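Scroll down for the structure; my scribbles are underneath it.
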Amino acid sequence: MWRLLMVAGAVWLAIGWTMLRLEPSSVAAVAGPVVLFGALCEVARALAGTRTWWLNAGLAAVFTVTAGLLMTLPFWSFVAAAALVGWFLMVRGVVDIAVGVMARGSDRVWSLLVLVGVLQTGLGFFAASPFSRTARLVMVVLGALGVLRAVAELVTALRLREMAGPRRDVLRLPPESSAGLEGYAAGVSDVEDAPRWRARHRARPGGSTVAAGVAGGRSDGGFPDRAVRTTADLDAFLAEAGVTGSRAAAVPEGVELAPEAR
(Lines give C-alpha, C1' and ligand atoms only; values in the text may rest on other atoms or scores of the structure.)
Protein backbone atom coordinates (compact mmCIF):
# COMPACT_ATOMS: atom_id res chain seq x y z
CA MET A 1 0.00 0.00 0.00
CA TRP A 2 2.90 2.39 0.59
CA ARG A 3 3.84 2.07 -3.09
CA LEU A 4 0.34 3.16 -4.07
CA LEU A 5 0.57 6.21 -1.82
CA MET A 6 4.01 6.97 -3.25
CA VAL A 7 2.53 7.01 -6.75
CA ALA A 8 -0.32 9.20 -5.49
CA GLY A 9 2.21 11.69 -4.11
CA ALA A 10 3.99 11.84 -7.46
CA VAL A 11 0.67 12.41 -9.23
CA TRP A 12 -0.24 15.20 -6.81
CA LEU A 13 3.09 16.87 -7.53
CA ALA A 14 2.42 16.65 -11.25
CA ILE A 15 -1.04 18.12 -10.70
CA GLY A 16 0.43 21.03 -8.77
CA TRP A 17 2.82 21.79 -11.62
CA THR A 18 0.14 21.39 -14.29
CA MET A 19 -2.34 23.71 -12.57
CA LEU A 20 0.14 26.56 -12.84
CA ARG A 21 0.51 25.99 -16.59
CA LEU A 22 -3.19 25.88 -17.55
CA GLU A 23 -5.25 28.78 -18.79
CA PRO A 24 -7.52 30.44 -16.20
CA SER A 25 -10.61 29.69 -18.33
CA SER A 26 -10.31 25.96 -17.55
CA VAL A 27 -10.74 26.29 -13.77
CA ALA A 28 -14.24 24.80 -13.63
CA ALA A 29 -13.22 21.90 -15.89
CA VAL A 30 -10.19 20.75 -13.88
CA ALA A 31 -11.38 21.39 -10.31
CA GLY A 32 -13.76 18.39 -10.38
CA PRO A 33 -11.16 15.78 -11.45
CA VAL A 34 -8.66 17.15 -8.91
CA VAL A 35 -11.13 16.73 -6.04
CA LEU A 36 -12.11 13.30 -7.36
CA PHE A 37 -8.46 12.24 -7.30
CA GLY A 38 -8.36 13.41 -3.69
CA ALA A 39 -11.29 11.10 -2.96
CA LEU A 40 -9.43 8.18 -4.56
CA CYS A 41 -6.41 8.92 -2.35
CA GLU A 42 -8.66 8.75 0.69
CA VAL A 43 -9.86 5.32 -0.46
CA ALA A 44 -6.22 4.20 -0.70
CA ARG A 45 -5.55 5.49 2.81
CA ALA A 46 -8.61 3.64 4.12
CA LEU A 47 -7.36 0.40 2.56
CA ALA A 48 -3.92 0.85 4.13
CA GLY A 49 -5.20 -0.59 7.41
CA THR A 50 -4.40 2.36 9.66
CA ARG A 51 -6.31 3.12 12.85
CA THR A 52 -8.17 5.99 11.17
CA TRP A 53 -9.41 3.98 8.17
CA TRP A 54 -13.02 4.84 9.02
CA LEU A 55 -12.20 8.55 8.92
CA ASN A 56 -10.55 8.21 5.51
CA ALA A 57 -13.55 6.28 4.22
CA GLY A 58 -15.87 9.09 5.34
CA LEU A 59 -13.69 11.71 3.70
CA ALA A 60 -13.69 9.69 0.48
CA ALA A 61 -17.50 9.76 0.43
CA VAL A 62 -17.64 13.51 1.13
CA PHE A 63 -15.04 14.37 -1.51
CA THR A 64 -16.75 12.14 -4.08
CA VAL A 65 -19.97 14.10 -3.64
CA THR A 66 -18.02 17.37 -3.95
CA ALA A 67 -16.31 16.22 -7.14
CA GLY A 68 -19.66 15.09 -8.54
CA LEU A 69 -21.12 18.54 -7.97
CA LEU A 70 -18.20 20.18 -9.74
CA MET A 71 -18.36 17.89 -12.76
CA THR A 72 -22.15 17.67 -13.20
CA LEU A 73 -22.85 21.39 -12.95
CA PRO A 74 -20.90 22.95 -15.83
CA PHE A 75 -22.66 26.28 -15.50
CA TRP A 76 -20.92 26.99 -12.23
CA SER A 77 -18.48 29.86 -12.31
CA PHE A 78 -14.90 29.70 -11.13
CA VAL A 79 -16.02 31.43 -7.93
CA ALA A 80 -18.24 28.48 -7.02
CA ALA A 81 -15.46 26.09 -8.00
CA ALA A 82 -13.04 27.97 -5.77
CA ALA A 83 -15.52 27.74 -2.90
CA LEU A 84 -15.79 23.95 -3.24
CA VAL A 85 -12.03 23.61 -3.55
CA GLY A 86 -11.71 25.69 -0.39
CA TRP A 87 -14.19 23.35 1.31
CA PHE A 88 -12.01 20.38 0.29
CA LEU A 89 -8.86 22.04 1.60
CA MET A 90 -10.37 23.12 4.90
CA VAL A 91 -11.82 19.69 5.69
CA ARG A 92 -8.63 17.86 4.73
CA GLY A 93 -6.46 20.32 6.64
CA VAL A 94 -8.48 20.03 9.84
CA VAL A 95 -8.33 16.23 9.64
CA ASP A 96 -4.55 16.31 9.15
CA ILE A 97 -4.17 18.55 12.19
CA ALA A 98 -6.32 16.28 14.35
CA VAL A 99 -4.57 13.08 13.25
CA GLY A 100 -1.12 14.65 13.68
CA VAL A 101 -1.88 15.81 17.23
CA MET A 102 -3.35 12.42 18.09
CA ALA A 103 -0.18 10.65 16.88
CA ARG A 104 2.29 12.98 18.60
CA GLY A 105 3.32 10.27 21.07
CA SER A 106 3.95 7.52 18.50
CA ASP A 107 4.95 9.29 15.27
CA ARG A 108 8.07 11.42 15.14
CA VAL A 109 6.88 13.34 12.04
CA TRP A 110 3.59 14.43 13.59
CA SER A 111 4.68 18.08 13.61
CA LEU A 112 5.19 17.99 9.83
CA LEU A 113 1.69 16.60 9.33
CA VAL A 114 0.26 19.30 11.58
CA LEU A 115 2.12 21.97 9.59
CA VAL A 116 0.74 20.61 6.31
CA GLY A 117 -2.74 20.60 7.84
CA VAL A 118 -2.41 24.21 8.96
CA LEU A 119 -1.26 25.30 5.51
CA GLN A 120 -4.14 23.44 3.86
CA THR A 121 -6.68 24.99 6.23
CA GLY A 122 -5.35 28.49 5.60
CA LEU A 123 -5.31 27.92 1.84
CA GLY A 124 -8.87 26.65 1.91
CA PHE A 125 -9.97 29.64 3.96
CA PHE A 126 -8.39 31.92 1.37
CA ALA A 127 -10.00 30.03 -1.54
CA ALA A 128 -13.48 30.27 0.00
CA SER A 129 -13.10 33.92 1.01
CA PRO A 130 -14.03 37.00 -1.06
CA PHE A 131 -10.33 37.55 -1.79
CA SER A 132 -10.27 34.70 -4.31
CA ARG A 133 -12.30 36.30 -7.07
CA THR A 134 -10.00 35.91 -10.06
CA ALA A 135 -9.30 32.82 -12.11
CA ARG A 136 -5.55 33.18 -11.72
CA LEU A 137 -5.78 33.04 -7.92
CA VAL A 138 -7.92 29.91 -8.16
CA MET A 139 -5.31 28.24 -10.36
CA VAL A 140 -2.61 29.16 -7.84
CA VAL A 141 -4.75 27.63 -5.09
CA LEU A 142 -5.10 24.41 -7.09
CA GLY A 143 -1.35 24.32 -7.68
CA ALA A 144 -0.63 24.80 -3.97
CA LEU A 145 -3.20 22.08 -3.22
CA GLY A 146 -1.27 19.63 -5.39
CA VAL A 147 2.06 20.43 -3.71
CA LEU A 148 0.69 20.12 -0.15
CA ARG A 149 -1.10 16.87 -0.87
CA ALA A 150 2.06 15.52 -2.51
CA VAL A 151 4.01 16.19 0.70
CA ALA A 152 1.32 14.54 2.83
CA GLU A 153 1.03 11.43 0.65
CA LEU A 154 4.80 10.95 0.35
CA VAL A 155 5.32 11.29 4.09
CA THR A 156 2.54 8.77 4.78
CA ALA A 157 3.97 6.35 2.21
CA LEU A 158 7.47 6.49 3.71
CA ARG A 159 6.11 5.97 7.23
CA LEU A 160 4.10 2.94 6.09
CA ARG A 161 7.18 1.53 4.40
CA GLU A 162 9.23 2.03 7.56
CA MET A 163 6.64 0.31 9.74
CA ALA A 164 6.18 -2.55 7.24
CA GLY A 165 9.90 -3.43 7.29
CA PRO A 166 9.92 -6.02 10.12
CA ARG A 167 7.67 -9.01 9.78
CA ARG A 168 4.36 -8.90 11.62
CA ASP A 169 5.23 -12.01 13.64
CA VAL A 170 8.35 -10.35 15.10
CA LEU A 171 7.87 -8.67 18.47
CA ARG A 172 9.55 -5.28 18.62
CA LEU A 173 10.64 -4.54 22.19
CA PRO A 174 11.88 -1.27 23.68
CA PRO A 175 15.69 -0.94 23.98
CA GLU A 176 15.64 -1.63 27.75
CA SER A 177 13.53 -4.78 27.42
CA SER A 178 15.60 -5.99 24.48
CA ALA A 179 18.85 -5.61 26.44
CA GLY A 180 17.36 -7.44 29.43
CA LEU A 181 16.14 -10.28 27.21
CA GLU A 182 19.58 -10.65 25.63
CA GLY A 183 21.21 -10.82 29.06
CA TYR A 184 18.74 -13.43 30.26
CA ALA A 185 19.30 -15.55 27.15
CA ALA A 186 23.09 -15.32 27.64
CA GLY A 187 22.73 -16.44 31.27
CA VAL A 188 20.60 -19.41 30.29
CA SER A 189 23.17 -20.43 27.68
CA ASP A 190 26.00 -20.24 30.24
CA VAL A 191 24.09 -22.44 32.68
CA GLU A 192 23.28 -25.01 30.02
CA ASP A 193 26.88 -25.14 28.77
CA ALA A 194 28.40 -25.48 32.27
CA PRO A 195 29.81 -28.96 33.19
CA ARG A 196 27.51 -31.11 35.30
CA TRP A 197 28.89 -33.06 38.29
CA ARG A 198 27.33 -36.13 39.81
CA ALA A 199 26.29 -35.61 43.42
CA ARG A 200 27.36 -38.05 46.13
CA HIS A 201 24.22 -39.10 47.92
CA ARG A 202 25.95 -41.02 50.66
CA ALA A 203 25.69 -40.55 54.39
CA ARG A 204 29.01 -39.93 56.11
CA PRO A 205 29.71 -40.93 59.70
CA GLY A 206 30.95 -37.48 60.63
CA GLY A 207 28.80 -35.17 58.51
CA SER A 208 25.53 -34.67 56.74
CA THR A 209 24.83 -35.90 53.26
CA VAL A 210 23.32 -32.50 52.46
CA ALA A 211 26.73 -30.86 52.77
CA ALA A 212 28.26 -33.64 50.70
CA GLY A 213 25.70 -33.09 48.00
CA VAL A 214 26.42 -29.37 47.95
CA ALA A 215 30.16 -29.99 47.80
CA GLY A 216 29.77 -32.58 45.07
CA GLY A 217 27.80 -30.34 42.73
CA ARG A 218 24.66 -31.03 40.78
CA SER A 219 23.51 -34.56 39.93
CA ASP A 220 22.05 -35.72 36.69
CA GLY A 221 18.73 -36.60 38.37
CA GLY A 222 15.71 -34.40 38.69
CA PHE A 223 14.86 -32.23 41.64
CA PRO A 224 12.30 -34.70 43.17
CA ASP A 225 14.87 -37.51 43.20
CA ARG A 226 17.48 -35.29 44.85
CA ALA A 227 14.99 -34.13 47.48
CA VAL A 228 13.87 -37.67 48.33
CA ARG A 229 17.44 -39.00 48.51
CA THR A 230 18.56 -36.12 50.71
CA THR A 231 15.60 -36.63 53.03
CA ALA A 232 16.38 -40.34 53.32
CA ASP A 233 20.01 -39.63 54.14
CA LEU A 234 18.94 -37.05 56.72
CA ASP A 235 16.75 -39.68 58.38
CA ALA A 236 19.72 -42.02 58.50
CA PHE A 237 21.84 -39.32 60.13
CA LEU A 238 19.13 -38.72 62.74
CA ALA A 239 18.95 -42.45 63.43
CA GLU A 240 22.69 -42.57 64.04
CA ALA A 241 22.30 -39.66 66.45
CA GLY A 242 19.76 -41.63 68.48
CA VAL A 243 16.59 -39.97 67.28
CA THR A 244 14.00 -42.68 66.67
CA GLY A 245 10.97 -42.46 64.40
CA SER A 246 9.17 -44.11 61.57
CA ARG A 247 11.66 -43.54 58.83
CA ALA A 248 10.50 -46.23 56.45
CA ALA A 249 7.14 -44.59 55.90
CA ALA A 250 8.84 -41.44 54.68
CA VAL A 251 10.66 -43.20 51.86
CA PRO A 252 8.51 -43.74 48.75
CA GLU A 253 8.63 -46.99 46.86
CA GLY A 254 11.29 -47.31 44.20
CA VAL A 255 13.79 -45.00 45.96
CA GLU A 256 17.10 -46.66 46.84
CA LEU A 257 18.86 -45.46 49.96
CA ALA A 258 22.56 -45.08 50.38
CA PRO A 259 24.34 -48.16 51.85
CA GLU A 260 25.05 -46.33 55.15
CA ALA A 261 21.36 -45.38 55.53
CA ARG A 262 20.03 -48.95 55.28
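The values are calculated or read from the model by the stated rules, or taken from the named source; none is laboratory data. The shown structure was predicted, so the numbers you read here are calculated from the model rather than taken from an experiment. No Cβ is skipped: glycine too gets one built from the backbone with ideal geometry, and neighbour counts run over all protein chains shown. The protein model used for the area step is the full one, side chains on, heavy atoms only, and it has no ligands, DNA or RNA in it. Shrake-Rupley method; radii C 1.70, N 1.55, O 1.52, S 1.80 Å.
Exactly one residue out of R51, R3 is modelled with pLDDT under 90, farther than 24 Å from M139 by Cα, open to solvent by 20 Å² or more (accessible area, probe 1.4 Å) and assigned to a helix (DSSP H, G or I), and it is R3.
Of V116, V101, V95, V79, which residue is within 25 Å of the chain's Cα centre (by Cα), part of a helix (DSSP H, G or I) and either farther than 23 Å from V11 by Cβ or of a type in the set (G, A, S) (or both)? V101 is the lone residue from the list that is within 25 Å of the chain's Cα centre (by Cα), part of a helix (DSSP H, G or I) and either farther than 23 Å from V11 by Cβ or of a type in the set (G, A, S) (or both). Is at least one residue of region 39-46 in contact with a helix residue (DSSP H, G or I) (Cβ under 8 Å, 6 or more places away or on another chain), open to solvent by 10 Å² or more (accessible area, probe 1.4 Å), among the β-branched types (V, I, T) and at pLDDT 85 or above? Yes: one or more hits.
Note on region 47-72: residues that are touching a residue at least 40 places away in the same chain (Cβ under 8 Å) and over 28 Å from the mean Cα position of the chain (by Cα) amount to 1.
Working only within region 19-38, note down all residues that are at pLDDT below 90 and open to solvent by less than 50 Å² (accessible area, probe 1.4 Å). Hits for region 19-38 are M19, P24, S26, V27, A28, V30, A31, G32.
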